[in-house]
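The values are calculated or read from the model by the stated rules, or taken from the named source; none is laboratory data. Bear in mind the structure is a predicted one, so any value in this text is a computation, not a measurement. When we count neighbours, we look across all protein chains shown, and the Cβ atoms used for this are built from the backbone with ideal geometry, even at glycine. Calculation scope for accessible area: heavy atoms of the full protein, side chains included, ligands and nucleic acids excluded. Shrake-Rupley method; radii C 1.70, N 1.55, O 1.52, S 1.80 Å.
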Amino acid sequence: MPERADSRVDRARRHHRVAGAALSAPLVVLAVLLSASPATAADAYGAPATRCEITDERLPELSGLVGIGDGVLAMNDGGDQAEVFALDGACAVGEVRTAAVDPYDPEDLALGPDGTVWLADIGDNEQDRETVALIGFRPDGSSTLTRLTYPDGPHDAEAVLMAPDGTPYLVTKEVLGASSVYRPDEPLADGVTLPMTRVLGMGFTLTGTPGGPVGRAGQLLVTGGAVSRDGQRVALRTYTDAYVWPLTDSDVAGALSGPPVRVPLPDSPQGEAIAFAGNDRDLLVSSEGLPAALTLVPVADLAPAPAADAPDGDDGAAAAATDLSGGVNPVTAGLVAAGVATVLVWVGGRLRRRREG
């Protein structure tokens with residue numbers, strides 16, 4: 001059965017309602033209580049440069065990228081069918097592949113070791129989906145759909161990481177930066193629903209890098225992910241920054257538990273897409289909206305450190321959270337929670353007084 005479809009208007013209303021109303025008041029408190037974390041050394045990367053601009057009207061909400069040679073594969077956040085667009089080095093759209101699936105909220109794109117292109121239908125702003133899905137575009141022209149369930153209830157996610165061994169990892173998008181990483185308990189297969197296990201917790205913190213649609217909160221929200229085709233690097237991005245880790249033996253959870261290189265990204269209205277370029281080292285990033293710059297962030301000097309061993313746990317699952325650039329300590333987290341509660345009580349009081357008036 002295809003994923004449940006929403007119209008583009010309904011998706012847009014839901015997206016802006018959550019990004020605006022739900023985030024704005026509590027995150028004012030968050031921005032005041034959390035100071036920007038120290039900058040992680042990013043001199044391994046050079047100055048960003050625009051490779052080309054995406055102007056095709058079929059890609060107004062670019063959300064996922066995969067680097068292929070001099071070009072990229074791209075997908076939209078939304079739409080009434082699963083689509084993948086092939087762009088050349090000048091950002092012109094060539095081939096368009098579709099699958100007979102009406103997705104709910106596609107958010108990211110990944111390439112499997114067998115050449116299957118995976119569209120991650122994993123967005124859930126209202127956190128009410130019983131399943132999320134990975135839609136595969138196989139090299140032979142056929143398609144596949146695998147549903148996934150979380151072990152602890154629905155989550156909103158916008159990043160998928162496809163390990164070199166074909167194991168997908170979903171990274172959630174959390175308002176306070178406390179993202180979780182999940183992977184299926186079994187290999188992907190067409191027409192089945194697979195349970196997932198939480199394998200890692202991550203703590204993203206404020207960086208001071210400008211950009212995104214929600215102010216400083218955008219520095220905490222994971223919006224995309226990528227794995228290099230040579231299997232040596234893994235990256236996540238927020239609206240404002242990219243984080244890059246060395247990867248060994250498909251151990252994505254182990255890689256993400258180690259220290260990353262943080263790369264401040266150019267200011268963009270809603271940056272959600274990230275990929276490794278054809279050389280498996282440089283980064284490619286882009287944003288929703290047209291025209292959308294496809295920006296190359298070149299590697300200047302990157303000497304990967306050995307990947308950290310995965311923390312002990314069930315089947316190698318990591319129970320402890322990885323803290324990026326300082327993290328949120330318990331005292332600060334308590335202040336944030338208290339501040340958010342205060343704001344919500346205040347807003348509720350105002351609404352109640354308006355009704356009584």
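Annotations for the structure displayed:
- Cβ-derived FRET efficiency at R0 45 Å, Asp88 paired with Asp152, nearest 0.05: 0.60
- Distant-in-sequence amide contacts of Asp108, defined by a placed amide H-H separation under 5 Å and a gap of 5 or more residues or a different chain, comprise Ala120, Ile122.
- Once both labels are positioned 7 Å from their Cα atoms along Cα-to-Cβ, the gap between Gln127 and Ala178 label points is 1.1 nm.
- Dimensionless Rg/Rh of the stretch 202-291 - Kirkwood Rh, Rg from C-alpha atoms: 0.97
- For Ile54, the residues 5 or more places off, or on other chains, whose built amide H falls under 5 Å of its own are Ala292, Ala293, Leu294.
- The share of accessible area on the stretch 128-183 that comes from carbon and sulfur is 48 percent, using a 1.4 angstrom probe.
- Put a dot 7 Å past the Cα of Asp249, heading toward its Cβ, do the same for Asn279, and the two dots end up 3.0 nm apart.
- Here the calculated FRET efficiency for Ala189 and Ala300, from their Cβ-Cβ distance with R0 = 51 Å, stands at 0.75, rounded to the nearest 0.05.
- Table column - 3J(HN,Hα) (Hz), the stretch 69-74, Karplus curve with 6.51, -1.76, 1.60, x for Gly and Pro: x, 8, x, 9, 9, 9
- 3J(HN,Hα) from dihedral phi, the stretch 168-185, Karplus parametrisation 6.51/-1.76/1.60, rounded to Hz, x for glycine, proline: x, 10, 9, 10, 6, 10, 10, 4, 9, x, 8, 6, 10, 10, 10, 9, x, 7
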